[in-house]
Structure formats: C-alpha cells, structure tokens
C-alpha cells in the first residue's frame, strides 16, 4: 500500500508566495465564520430587542450582505474570504449531523409532555397526512404553474422541502404575548414530526430523481414506515438507556448534561449512520420526549435549570450559524448565478402566496379530525396555525444537500436553492413580523379574567414588598436613608393602574428632577394607566377580586413555605458556596458542624429566639458607639494567648484549669520546662485563634456575595472586596487589619481641601464641569460602595459569629476557650468597623450633591433586585406563569439598564423637602407648614460636638436632617474623677431633639453629641411657644413629638416599640401614649414627663475647682 503523506497542520509558505501572507492553522478558516455569525446574532438580538421581529430575519440579511461583499472582493483574500468559501462549499451532511440534532432535541425537551400527549393525535394528523397533502399540492404548483419544466420527482422533492415548517420564532412570540400554551404546543409538535415526514419524503423522491432507487407504491409505503417507525424505536431505545444511566448518577450536573448530549447525537447517529437507515429526526424527537417526561424526575435537584439553560444556548448557537450560512449561500447562488433572472423574483412572491393557500387547503381538509381530537381547534386557532407556518433551518439544510448533488441538473439545483432561501426569508420577514398583529386581530392574545385577577394580586404583592423595603431602609439603613426616595420610586417599574395611582403622588413633587431616560417611560405609563378605561365588567371584577384575596393569601402562605430558596436576612446567616464555605451546616451559623469539630467545639442546638433578638438589637447600638464594641466585648477577659506567666501565678483558678503546675517544681530546670510548656500552649492557642479568624473572614466573603445578590454591591466592588479578603485570609495569624489596606487604596485626591475647592469651581464650567462631575461620581460611587458594604458585611458576620459562640455554651473547657477566641475576633472586627464608619461619614460631606445621587442610585438598585427576587419567588411558587414572569422580568431589567445612566449629581434638597417628613410637621396645613419652616435656621455640627447640654435651659429644639447623634447622661465617676457618658439612645435623620424642654419649661434632660457630621434645623423656643399658643393643631403635634422622644429615650420598656401614637386631651392635663400591642397602654401626666426627662442627679452635684479646670481645658481643646 502506498503511503499517503499527511496534510500539514500549517500551510508552509512556498518560495513564490507573498511574504506578507501568514500561515493559518487547520480549522481556523471554518471557525472565523462561526464567531462572525455568533457576533452578528448578538447584534441582531440587541437591535431588535424592543420589537417583535425575529432576530433570524436580520441575521439572514446580514449573511446575504456579507456574501455580497465577499463576492465583490471587499473581504480580500485572507482568512475571512477562505472561511466564507469553505462554508459556502461545505458538505451539507456536516450541517445536518452537527446542528439538526441540537435544534430538534432542544425543542422536544422543552415541550410540555402532558399537553403534547393530549394533542398527539392532532400532531400526527398534521405531520403525516397533512404533510403528504401539502407536498402533493405544492408539487403540482411547481410542476404545472412555474415555468421551469421541473420533472415530477424534482417537484415532489421540492414540495417536501417546502412542507417542513420551523415556527420557532412564532412559538416564542406566542409565549411572550400570552397566547394559549396549547396552540403553541400544537404548532411546535407539528414542526417536530413534520420535519421527520418531510425528510423521509425528500429522501424518497431525491433517490428517484437521481436514479439511486426506483420504488413502486408498495415499496414506497414500506420504505416510509420503516424510516418512521424504525426511527421511533431507535429513539426509544437510546432514550431509555440514557434515562437508566441518569438514574445511577446523583449530584453530578456535568455528567447528567453530558448524557443528554450523548442521547441527542447518539440517537441521530444510530438512526442515520448505521445499517438501520431509519429517520434520525424522529429518533431524536423520541429521545427528547423521554427525557422530558421520564428523565426529569431522575435528574438531581438543581440540575434541571442548568440543563435547560445549556440546551437553550446550544439551540440558539445552531440556529444562528445555520441562518447566517444560508444567507452566505443564498447570496452566491441567487445574486451571482446566471440562471436566476429578474422574473424569478416575481415567481418567488407568487410561490410565497400560493404556499398559504396550500396550507389553508390542508387545514380545511383535515378540519374534522382536528376539531374533534385533543383539545379541539377553533377557527381563530386554525387561522393562526395557517399563517404561522414559517420555513427555516430544516428546509435550508435540505437545500444545501440538493446543491451538493452531482446527479441533479445545475439549473434545478440553483432554482431550488434560490426559492427555498427566498421562501425562508419572506416567511420570516413578513409572517414573523406581522404575526403579532394577526394574533391580536384574532383575539388570541386576550387574557382571561381569572388570569388578570391573579396577575393583579401578584403585582400588588410585589409592590407591597418594595414599599416595605423602602420603609425599612428609610428607618434602619443609616447609609441610604437620606436618598431621594421620590427619584427611587421613579426607577421602579409600574405593572398596573392601581400601582400607578399609588406611585403618582409620591413623584409629583420631583417631576423636574426626573432623569431624562425615565421621562419617555413615564409618559407611556401615563398614557396607559392615567385615564380610566370604561369596563362593563369592572364591578364584577372588583367583587371577584375581594373574594380572591383570601384564597390567594392561603396560596401565598404555601408558596412561602415551599419557596425554592430561603431568603436570608442581612441580620441572619447566609453562606454562599462561592465564598468557599460549606453550603450545609447550622441554620444560624455559616460554620458547619465538621468545621466546629475541627476547632474542638462541641455542636449544640441553634440560638434561642430571645438571644438572637438581643444580638440584633446590639448590632444597631454597637456601631454607633464611640468605641465600636458592645459591653460584652469591652469586658472580655484575656484570652489564653494573652496570658503571661505573672498573670498565671496571680490567678489560682486560671492556673488550676489551664496550667496546673505542681508546687514541687521549683528548680531552674522546672522553670524552663514550665516556660517551654507555656510557649507550646501559647503557640497552639495562636493557631486556633488564627483558624477562628480565618473562618470569620470566610463568613465575611459569604456576606459580600449576599450583598451583591441583593443589589448593595456592584460587580467591580465585589471583585475588589473578595480579592482583599483573600489577601487577609493569607495573613490570618495577625489581627484583622483589612481596613488599613482598603483605606490606603480607596483614598481619593479630592480629600485634599485645596483640590476640593478648585474642583468645586470647575463644576460650574459648562462642558468641563460635566466631565469632572462624572469622574468624581464614578470614583466616589466605587469608594462609598466598597466602604459601606465593608461595614454591612462586618455587622452581619459579627452576629453570625456571636450566634456560633452562644451555641457553644460554657460547659466544657474547649467551649469556654472558643468563646474567648470568638470575643477576641469580634472586638477586632468592631475596631475595623469603627475606623471605616468614621471615614465614610467624612466622605459623604465632600460633595453632597454627588453623594446624594450615589445614594439614590444604590437604593434604586437594591429595590430593583428586591423586586426581581419577589418576581422569581412568585414564579417558582407557581403564582406566575412563564409569560407573566417574562414580562415582569423584562420591565425590571429595562429599569436596571436605565439606572446605569443615572445623573452624576443631584441638586441639594430645599429646606421644605428636608423637613417634609418630620413627625411634628406632618398633618399640618400647607400655610401653617410654610410658616413653621420659615422660622427655622440651618445649623451644622462637627463630629463629637455637643449642641444640647444636660441641665441647661431649653432655648429651642433641633431637627436632624443628616447624620447621627447620641443622647447621653453625664455621670461623674468618683473612681476616675472624670465625667462619663451613659448612652440612652441614638437619633438619626428626621428625629426631633429638645422639644421636651420647650413644652415642659424644664432644663434639658440629657446631653446630645454629634456622632458624625450633623446637619440640623433649629427652631427657637419663644417663637414656637407663641405659635403653640395660637394654634392647637401645632401644639398637639409638638406634644406628640415630645412624648415619642420620652418613650424612645427614657422609658426602657417602650424603647423598642414602633408605631407609637401620642395624644393630648383638650383639658391639657394628661399625655396618653399608645403602642402597637394590646398590652401597652400607659398614661403620663405632665409631671411624670418632667420627672422622666429631668437631668440626672449626678449632674447637679457641685464640681470641685479641679474638675472645673478640667472641663475648661476640654472646651478649649474642642474649640
């Protein structure tokens, strides 16, 4: 046998070649068109995203355009030209074997098996006798009407090609418009099986045309049955083998997805490339149905979603390549073929029109069985079925096979390829584009009243979730509570008229500040929901809605219990597998049981509810505290790693438990042994502390992931924080020092006072100012996002660590040691948070108009993520169908895209806007409100500055509009001979301070100190008392504000009660305070209010001269 020299991997340049030419690796030419097709596919989807036009229309046009440019020589003679030439002349069987199984399996696997089983008889009527009839009628038109003189076998072959429908674009449109799923399934099932029938008929008449086989009628029927039934049997055999294989695999998604790939391609190869010679299309269809019906229950939990995503991407890629390559081939065979004349274009449009008559005739002939089988078929559905018969990938692939047949006349081949490509293009351009109008004209897109009711109730629940989240953020989120909430409301999508009417008053006063990208959207909302539509059924629907609410609430409870994933709280634990931690373990702690065992910690039940609540309340207070740690952290005893030999000798109990050194060892050798033993123990303790610190940092990473998923963190900030945390984990043997590195890298040049003043002057420049503002906004957004979420993550991780420590108990020595280690780490984290929060508060004051825009953008992003989670939760609970879920999700995604172009700066709010939500100003008339606001004066205080001093007469009250302050009692400590602060409460934006002294004429009952930079508005006491004397409504409002302050600050049992209502009787004798629980109902007289809010006794104690000098020195230092 003669040796064949192997083809080289690289083309070697010959001596006569051009020196500028480059060698091209084998396969690179073919891949160039693949990546070009995928790139054009993405471009087409983006361009047609807001339209109903199928992206394959534009993709086919792009393919034709690239082919024309290539024929004109615009692509040169390089790799792209060679790649196009290779695909134009590719063996069509490669396309058939590589792409057709993907398209067929993806469609069959995604079909609802129950609906298909009911409609199977209708599908078979359309796929077998229907296709045969359509093939025959089309062949008669081609044979007798078209002026091509095609032989009868060629006409039948061409008719079989044109009978293969591909309604992928129409089915997707139906699902998006909410058309009955039964009609979409019928159309998709017909496409799957008529592809197999069309290919069988195509092979029969192609063999007859080329002379490969001449069969009589009996042989023809036997051949057809062998291909069809043999393909079904082969598919069932391969599918059953795959289902059995999947049953033996558990929690291995990669292997399970690989088995589906083997099943799809294996069935096609067994049917087509072996001695069976049966229909590969029908075999793949049967494998898809088996996987969909029987195999779904055998896939591991969580794999099905990934599996469907994989096959959707594979189907999209195959469809994209086929249509783009078809455009390339069509350009060469249609525009540059002498056989194609101008008259052929006219015959193309004629054939396009006649195909609709052929399909209509087929449906009318089969109408009786179709209307009496399955779910039946109405006239409107029949019209949609007729108009939705698009031609696509299968017909184009068969055209490529015809083009490669040497035994068929070139004129026949060129005209078949031209007409097949043209019909595919016309059906996509015309039918695919107009299908929406046809469906609406037929009334098939009309949503049933029952579905409307359920959708409205779901939308109501989504809106309630967003409103609840906003109220929670306005009260408890110290970083985002000063956002411009009217702008945030503008970013949230509106899904119903009821929501529009509720949202409209909240944004009316900020219409002028609405970002430009939102104005068109709100005009459409106003056009759609602004005018009330006349509905005869409105009363009946309203009455039915009330009846439905109770039933929906029951379903909602079940849905929450069976939700696909438990939504973690920022105060609870939320481990993420991506953070490197275990996805299993305790529900209250991210540290799994096996990890606790590695730390010599005995596991125990979860923390009790009361303890968890105590920890959550401690979180709120500990970070506003000056030292950043709670009482438990401050009183932490020394850990074993910090105990010195002197401490051991001084503490007999510690010596007995940890060291237990016998007294007989008094020699020098004994002392050395004792020191060595202690050194080993200290080293072991340091390793254990480092391991706990490493686990704490793992918790921190999981919190970063959760903050990203809930919208608090951007992707760039997440990557940065994860990278910094990984670096900190590498140095876990040292104390937590992550903020120092973050602070160094987050420092901005605008922190300099000189640069800040210069940049502020440049901000007013018309063009340069916008650029500088954008740069500052981008940088500050990243800095504030990183630093704020660094603090948030530490808050949550410290609570999780506290829960782990509390669950450990103190029964054993190991448990007590772990408690000490946990306290040590929590104290380190508190110091990190204290430094970070102080720096963040300073950053907010650099550019108030830019930081206000950043806060608003962050708040809107969090709410949109919250809304998306609620939409997904309702969908997974079965309360939203596919079409409703897709519609609501698309609206949410559109708003997120618009949010990325949020203005770089927002004007500083006016005084009226800042004081609008203050409690004692709510409910006043507009005239009275304006009068009170005009009496206020803006006053700003630096951090740690006192602006109300305990025991001094009240000269007025303050309303906090930005920042945080603490209310304290001054207590004199005889042991240290200094004044100490006894923390009473923290007050934030919207709180009123000093009103108590104004209404009671008593000295200030506490000292108020700014914990950060604080902006306030001051109301003079004399003016306010005069106004209270004149206006009863204002007097009651001020009393209410004073009563709430007393309850929140001085009365322990009322500090945690929300929703307090305070009312003063007309006789001005008592102050009645109600809470939101039945057990809480107290009456306080004015005298009681004075007693509760009076200055502490320690403050009234006379000071010595030494103490007075110390106070004067402190005041001088502050000044």
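Evaluated against (1) touching a strand residue (DSSP E or B) at 6+ places or on another chain (Cβ under 9 Å); (2) at pLDDT 85 or above; (3) farther than 15 Å from residue 1041 by Cβ, residue 931 falls short on exactly one condition, (1). One residue stands out in the range 41-64 among those that are farther than 18 Å from residue 313 by Cβ and free of Cβ contacts under 8 Å to residues at least 40 places away in the same chain: the one that is surrounded by the most Cβ atoms within 10 Å (Cβ to Cβ), namely 58.
Criterion first (in contact with a helix residue (DSSP H, G or I) (Cβ under 6 Å, 6 or more places away or on another chain) and under 30 Å from residue 473 (Cα atoms)) does residue 1006 satisfy it?
Here the answer is no, as residue 1006 does not meet what is asked.
Every listed requirement among (1) assigned to a helix (DSSP H, G or I); (2) touching a residue at least 12 places away in the same chain (Cβ under 8 Å); (3) in the same structural domain as residue 147 (by TED's automatic domain parsing) is met by residue 454 save one, (3). Taken over the range 475-504, the criterion of being closer than 30 Å to residue 1014 by Cα and out of contact with any helix residue (DSSP H, G or I) (no Cβ under 7 Å at 6 or more places or on another chain) is satisfied by 475, 476, 477, 478. Is it the case that the range 831-845 has a residue that's out of contact with any strand residue (DSSP E or B) (no Cβ under 6 Å at 6 or more places or on another chain) and more than 30 Å from residue 469 (Cβ to Cβ)? Checked against the condition, which is being out of contact with any strand residue (DSSP E or B) (no Cβ under 6 Å at 6 or more places or on another chain) and more than 30 Å from residue 469 (Cβ to Cβ), the range 831-845 yields at least one hit.
A quick yes/no check of all residues on (1) modelled with pLDDT of 85 or more; (2) closer than 21 Å to residue 715 by Cα; (3) crowded, with 19+ Cβ neighbours inside 10 Å; (4) touching a strand residue (DSSP E or B) at 6+ places or on another chain (Cβ under 8 Å):
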{"position": "781", "(1), (2), (3), (4)": "no, yes, yes, no"}
{"position": "796", "(1), (2), (3), (4)": "yes, yes, yes, no"}
{"position": "799", "(1), (2), (3), (4)": "yes, no, yes, no"}
{"position": "805", "(1), (2), (3), (4)": "no, no, yes, no"}
{"position": "824", "(1), (2), (3), (4)": "yes, no, yes, no"}
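Could you please let me know if residue 921 is surrounded by 14 or more Cβ atoms within 10 Å (Cβ to Cβ) and at pLDDT 75 or above? The answer is yes for residue 921. Would you mind stating whether residue 297 is free of Cβ contacts under 8 Å to residues at least 60 places away in the same chain, in a helix (DSSP H, G or I) and over 30 Å from residue 200 (Cα atoms)? So residue 297 passes the test. Just one of the listed residues (748, 785) is modelled with pLDDT under 85 and touching a helix residue (DSSP H, G or I) at 6+ places or on another chain (Cβ under 8 Å), and it is 748. Within the range 438-448, is there a residue that is more than 20 Å from residue 182 (Cα to Cα) and either part of a helix (DSSP H, G or I) or modelled with pLDDT under 85 (or both)? For the range 438-448, residues more than 20 Å from residue 182 (Cα to Cα) and either part of a helix (DSSP H, G or I) or modelled with pLDDT under 85 (or both): absent.
In this entry, residue 973 passes the filter for residues that are free of Cβ contacts under 8 Å to residues at least 40 places away in the same chain, farther than 15 Å from residue 1021 by Cα, surrounded by fewer than 14 Cβ atoms within 10 Å (Cβ to Cβ) and out of contact with any helix residue (DSSP H, G or I) (no Cβ under 6 Å at 6 or more places or on another chain). Residues that are modelled with pLDDT of 50 or more and within 30 Å of residue 707 (Cβ to Cβ) number at least 1 in the following helices (runs of 4 or more DSSP H) confined to the range 471-584: 485-491, 497-507, 516-529.
Looking at 305, 293, 251, 277, just one residue is within 26 Å of residue 124 (Cβ to Cβ), under 33 Å from the mean Cα position of the chain (by Cα) and at pLDDT below 90, and that residue is 293. Just one of (1) in contact with a helix residue (DSSP H, G or I) (Cβ under 7 Å, 6 or more places away or on another chain); (2) under 20 Å from residue 64 (Cβ atoms); (3) at pLDDT below 90 fails for residue 342. It is (1).
The values are calculated or read from the model by the stated rules, or taken from the named source; none is laboratory data. These numbers come from a predicted model, not from an experiment. Cβ atoms come from the backbone with ideal geometry, glycine included; neighbour counts cover every protein chain shown.
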